[in-house]
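For reference, the structure is listed below as structure tokens.
The values are calculated or read from the model by the stated rules, or taken from the named source; none is laboratory data. Because the structure is a prediction, the values reported are computed rather than measured. As a convention, Cβ positions derive from the backbone with ideal geometry for all residues, glycine included, and neighbour counts pool all protein chains shown.
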Amino acid sequence: MTEHAEVNGAEFEQTEDDLAFAIDTVKHAGAYIREALVEAVYTQWKEDNTPVTNIDLTVNSMVVERMKRRYPQDRVYGEEESSEEMEAPEYTWVLDPIDGTQALGKLDTLNVCIARVGQDGQPVLGVVYNPVRDELFTARAGEQSYVNGTPLSVSQQKTLKSSYIHFGSGLRFNDLATNGVLYDRLEGSGAKIFNTRSLAFGCVEVAKGEFSGAFVGVNTPFEAASVKLIIEGAGGMVTDLYGDPSGRMDGEIKGLLVSNGHLHQDLLEALQP
């Protein structure tokens with residue numbers, strides 16, 4: 001079935017009800033986040049020294065319940081809460097209720113991330129929504145990706161000098177360069193480093209052509225599953241931090257390196273210990 005949806009005045013074609021549902025879900029979550037930010041935000045710190053707020057928990061539960069009602073046969077794998085374990089589900093929805101919790105009330109970089117992943121561990125659709133900027137990024141496997149209905153395209157920057165590179169977090173892999181070493185190497189090559197406290201934000205900025213590369217230094221797929229198709233659909237390149245295929249997006253990963261393609265090898269070399 002073919003549908004047309006309008007986002008920020010831009011009409012785009014939807015041929016999958018699943019994508020339409022994912023879009024509606026992140027927009028619903030975004031509306032709640034905007035309202036909740038008017039009230040007090042209560043922060044706790046998890047064992048891995050990352051924050052979680054009352055807003056994260058509410059959005060995660062909201063989306064899990066919404067997915068369970070619509071897709072009772074699918075698994076939902078959320079950063080803060082998941083559905084019941086299933087034996088070999090055909091699809092898994094991977095969810096980050098708020099990527100960029102540290103940016104809440106401080107920066108406009110937070111995002112809601114949702115992806116639907118098949119049995120092969122690869123995403124079939126990805127949606128990232130920034131409720132503060134009202135930016136909606138959408139992608140389906142093997143197709144062009146969009147922001148608010150406009151096609152995305154990575155930059156043509158071919159040298160690290162004057163390129164913008166995003167760090168979203170520390171690199172949690174002992175056999176790679178530390179953040180400090182990586183930072184010094186890239187700055188020494190003339191690159192300009194950004195850290196906006198949101199992994200997905202840096203990745204979608206690569207898809208927009210604003211940044212030329214971004215590092216996702218975690219071993220969880222909550223942001224990675226959504227951004228993978230968005231980057232690829234914009235003409236960019238995605239590997240793990242070792243230069244290998246990014247692996248399954250419904251379990252543990254070896255980080256993610258996204259780029260415009262031209263700088264991918266340079267960024268991999270900068271990661272060497």
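Name the residue, out of Q144, Q157, that is in contact with a strand residue (DSSP E or B) (Cβ under 9 Å, 6 or more places away or on another chain), assigned by TED's automatic domain parsing to the domain that holds V112, in a loop (DSSP other than H, G, I, E, B) and not acidic (D, E).
Q144
Quick check: is even one residue across the range 166-173 modelled with pLDDT of 95 or more and either in the same structural domain as A31 (by TED's automatic domain parsing) or within 25 Å of E79 (Cβ to Cβ) (or both)?
Yes, because at least one residue in the range 166-173 is modelled with pLDDT of 95 or more and either in the same structural domain as A31 (by TED's automatic domain parsing) or within 25 Å of E79 (Cβ to Cβ) (or both).
Looking at the range 233-245 only, could you name the residues that are buried (at least 23 other Cβ atoms within 10 Å of the Cβ) and closer than 18 Å to A141 by Cα?
Passing the criteria: G233, A234, G236.
So in the range 259-273, with the set limited to residues that are in contact with a strand residue (DSSP E or B) (Cβ under 6 Å, 6 or more places away or on another chain) and among the aliphatic types (A, V, I, L, M), which one is nearest to F167 (Cα to Cα)?
It comes out as L267.
What is the number of the single condition among (1) among the charged types (D, E, K, R); (2) over 17 Å from F21 (Cα atoms); (3) surrounded by fewer than 21 Cβ atoms within 10 Å (Cβ to Cβ) that R66 does not meet?
(2) is the only condition that R66 fails.
Looking only at the range 231-258, how many residues end up being acidic (D, E) and in contact with a strand residue (DSSP E or B) (Cβ under 9 Å, 6 or more places away or on another chain)?
3
Could you tell me how many of the residues in the range 182-192 are surrounded by 13 or more Cβ atoms within 10 Å (Cβ to Cβ), without any contact (Cβ under 8 Å) to a residue 24 or more places away in the chain and either in contact with a Ser or Thr (Cβ under 9 Å, 6 or more places away or on another chain) or more than 24 Å from P221 (Cα to Cα) (or both)?
2
Here's the yes/no breakdown for (1) outside the structural domain of V112 (by TED's automatic domain parsing); (2) within 19 Å of Q272 (Cβ to Cβ); (3) surrounded by 15 or more Cβ atoms within 10 Å (Cβ to Cβ):
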| position | (1), (2), (3) |
| --- | --- |
| T178 | yes, yes, no |
| C203 | yes, no, yes |
| G213 | yes, yes, yes |
| V216 | yes, yes, yes |
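Kindly indicate whether T109 is closer than 18 Å to Y32 by Cα, among the polar types (S, T, N, Q) and touching a strand residue (DSSP E or B) at 6+ places or on another chain (Cβ under 9 Å).
Yes.
Would the range 117-139 turn up any residue that is basic (K, R), within 14 Å of the chain's Cα centre (by Cα) and under 18 Å from D24 (Cα atoms)?
no
Let's see how each residue does on (1) among the β-branched types (V, I, T); (2) touching a His at 6+ places or on another chain (Cβ under 8 Å):
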| position | (1), (2) |
| --- | --- |
| Q144 | no, no |
| N148 | no, no |
| T196 | yes, yes |
| K208 | no, no |
| F211 | no, yes |
| T220 | yes, no |
| V227 | yes, no |
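Can you tell me how many residues in the range 87-105 are touching a residue at least 12 places away in the same chain (Cβ under 8 Å), more than 20 Å from L19 (Cα to Cα) and in a loop (DSSP other than H, G, I, E, B)?
Residues in the range 87-105 being touching a residue at least 12 places away in the same chain (Cβ under 8 Å), more than 20 Å from L19 (Cα to Cα) and in a loop (DSSP other than H, G, I, E, B): 4 in total.
Return yes when A115 is under 17 Å from M249 (Cβ atoms), part of a strand (DSSP E or B) and either in contact (Cβ under 8 Å) with a residue 12 or more places away in the chain or not assigned by TED's automatic domain parsing to the domain that holds K208 (or both) and no when it is not.
Yes.
Hey, among Q144, Q122, which residue is at pLDDT 95 or above and surrounded by fewer than 16 Cβ atoms within 10 Å (Cβ to Cβ)?
Only one candidate qualifies: Q144.
Being out of contact with any Gly (no Cβ under 7 Å at 6 or more places or on another chain) and under 19 Å from S246 (Cβ atoms) is the filter; apply it to the range 99-119 and report the residue that is surrounded by the fewest Cβ atoms within 10 Å (Cβ to Cβ).
Among them, the one singled out is Q119.
So if I check each of F222, F194, F215, which one is of a type in the set (F, W, Y) and over 30 Å from S82 (Cα atoms)?
After applying the criteria, what remains is F194.
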